[in-house]
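Everything on this sheet refers to the single structure shown next.
Here, each number is a calculation from the coordinates, and none is a lab measurement. These numbers come from a predicted model, not from an experiment. Quick reminder, even Gly has a Cβ in these numbers, built from the backbone with ideal geometry, and neighbours come from all protein chains shown.
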């Protein structure tokens with residue numbers, strides 16, 4: 001896992017918990033450890049029943065502010081079928 005994620009792991013988990021978001025995982029180049037200075041942060045999360053999709057946008061903005069990187073936040077249900085298997089395979093829990 002990339003050092004940027006390691007550095008901010010606890011803060012990202014706390015930001016997610018504050019918005020009621022669970023099971024935060026990182027995937028993509030940050031999870032594989034081959035990210036560079038321009039790489040974004042890809043987060044796979046679980047949104048419990050009753051939680052609004054607005055929580056996802058809030059987490060996205062929170063993590064962007066924290067890390068100064070572009071962030072994508074997706075749920076398993078929101079994964080494109082062609083990418084689903086790869087994303088689930090490489091996703092690393094925070």
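Take every Cα pair under 8 Å whose residues are at least 6 apart in sequence, average their separation, divide by the length of the chain, and the relative contact order is 35 percent. Beta bridges from DSSP with both residues in the chain: antiparallel share about 55 percent, rounded to the nearest 5. Rg and Dmax of the chain, both derived from C-alpha coordinates alone, stand at 12.3, 37 Å. Adding -39500 (n - 2.57) for every DSSP H run of four residues or longer, then dividing by how many residues the chain holds, sets the calculated 222 nm ellipticity at -14000 deg cm²/dmol. For the pair residue 40 and residue 7, label points projected 7 Å from Cα toward Cβ lie 2.1 nm apart. Full extension of the chain between residue 88 and residue 54 yields a length gain of 9.9 nm, computed as 0.36 nm times the residue separation minus the alpha carbon distance. Take the Cβ atoms of residue 32 and residue 76, set R0 to 25 Å, and the FRET efficiency comes out at 0.85.
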